[in-house]
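The values are calculated or read from the model by the stated rules, or taken from the named source; none is laboratory data. Because the structure is a prediction, the values reported are computed rather than measured. Every residue, glycine among them, receives a Cβ derived from its backbone with ideal geometry; neighbour counts consider all protein chains shown.
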Amino acid sequence: MRSRLTVDTYVTGILNRDRVILSRAITLVESRLPSDRQLAEEVLDRVLPATGKALRVGITGVPGVGKSTFIEAFGQHITAQGTSLAVLTVDPTSQRSGGSILGDKTRMETLSHNPLAYIRPSAAGTSLGGVAHRTREAMLLCEAAGFEIILIETVGVGQSETLVRSMTDFFLLLMLAGAGDELQGIKKGIMEMADAIAITKADGPNQPLAQQAVSEFQNALHLFRAADSAWTTPVVTCSALEGEGIADILHLIRSYEELTRRNGYFEKNRRSQNLDWMQNYIRHELEERFLNHPAVREQWETTGQTVERGEELPLAAGRRLLRLFLSF
């Protein structure tokens, strides 16, 4: 068992971009042990002045769209310009074992060996929104370590796959062309929140299909109300395999950053996200404390069985368990 590091050791290591210490700090903030949580909060509090300077980019997309392949090519382009990059990837958690494949370092083999890049996979666990519970904290630690761009790759598109939008500055949606019913296969809410849509794998025989998909998505976007950021969502094509369109996407992101910093939306959005972070934390902590409450745990299984059999209304059962929780 490794010795426990002090707050000073964590802080010094993070600020000096010591990758081993950074990785241990992220493991610390992901820990569920009360003693680790207290230590993690002290570390985060100490490094807070060094955070907030990175550009935060969320990347999501339908299964099979090639998120990891895109991020590898995109990351290589970013670092080729001398810009440092941290990639926080969230792997699906097995519903049977609770384990995670954590295969992104394998899928991004070239980028993982890049001295300007840092890749950190985490298990999604039971978290909704396509991100791990502690992704925000991990992001702050990477910012404190001096990484200039933070990419957050989410599990995939789903009904709750929008939490990433509430913690990033730019939200990139990756889509496939020619998969059939493109506009039906994704939730309207995610499209509405996207700052850019990129049609991937636009090479070879897929090119005509990709151009057709661009027209379809552009027409669909016209139905949405104007964004508060005053930014018009573009639809572009790219090929990670051939490196086509990768530079254009980075240019789009930089243009968005310039516009929103100039009109004040960038800072306003960051402040709103801090408030959202606090509210999400409260909700998560209340749920965890409720489910781990001794009186609730004692009644949980039998109550669930009576609800399943229709012997008790779900609302009444929930109210009864809440009374147990609140009475102690």
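Assorted remarks:
Here is a yes/no grid of residues against (1) crowded, with 16+ Cβ neighbours inside 10 Å; (2) charged (D, E, K, R):
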| position | (1), (2) |
| --- | --- |
| D195 | yes, yes |
| I199 | yes, no |
| A213 | yes, no |
| F224 | no, no |
| T233 | yes, no |
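- Test: residue in region 220-227 that is in a helix (DSSP H, G or I) and touching a residue at least 24 places away in the same chain (Cβ under 8 Å): yes
- Residue count for region 306-323, restricted to those that are of a type outside the set (D, E, K, R) and under 35 Å from the mean Cα position of the chain (by Cα): 7
- Against the list (1) of a type in the set (S, T, Y); (2) over 30 Å from E137 (Cβ atoms); (3) not assigned by TED's automatic domain parsing to the domain that holds H77, the condition T232 fails is (3).
- S255 vs. criteria more than 20 Å from the chain's Cα centre (by Cα), within 23 Å of G75 (Cα to Cα), in the same structural domain as M139 (by TED's automatic domain parsing) and among the small types (G, A, S): yes
Let's see how each residue does on (1) over 26 Å from Q273 (Cα atoms); (2) surrounded by fewer than 22 Cβ atoms within 10 Å (Cβ to Cβ); (3) assigned by TED's automatic domain parsing to the domain that holds A144; (4) of a type in the set (V, I, T):
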position	(1), (2), (3), (4)
E30	no, yes, no, no
L39	no, yes, no, no
G58	no, no, yes, no
V65	yes, no, yes, yes
I71	no, no, yes, yes
F74	no, no, yes, no
A80	yes, yes, yes, no
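- Only one of I119, I71 that is part of a helix (DSSP H, G or I), modelled with pLDDT of 55 or more, within 12 Å of I152 (Cα to Cα) and β-branched (V, I, T): I71
- Counted residues, region 125-156 - those being surrounded by fewer than 21 Cβ atoms within 10 Å (Cβ to Cβ) and modelled with pLDDT under 60: 4
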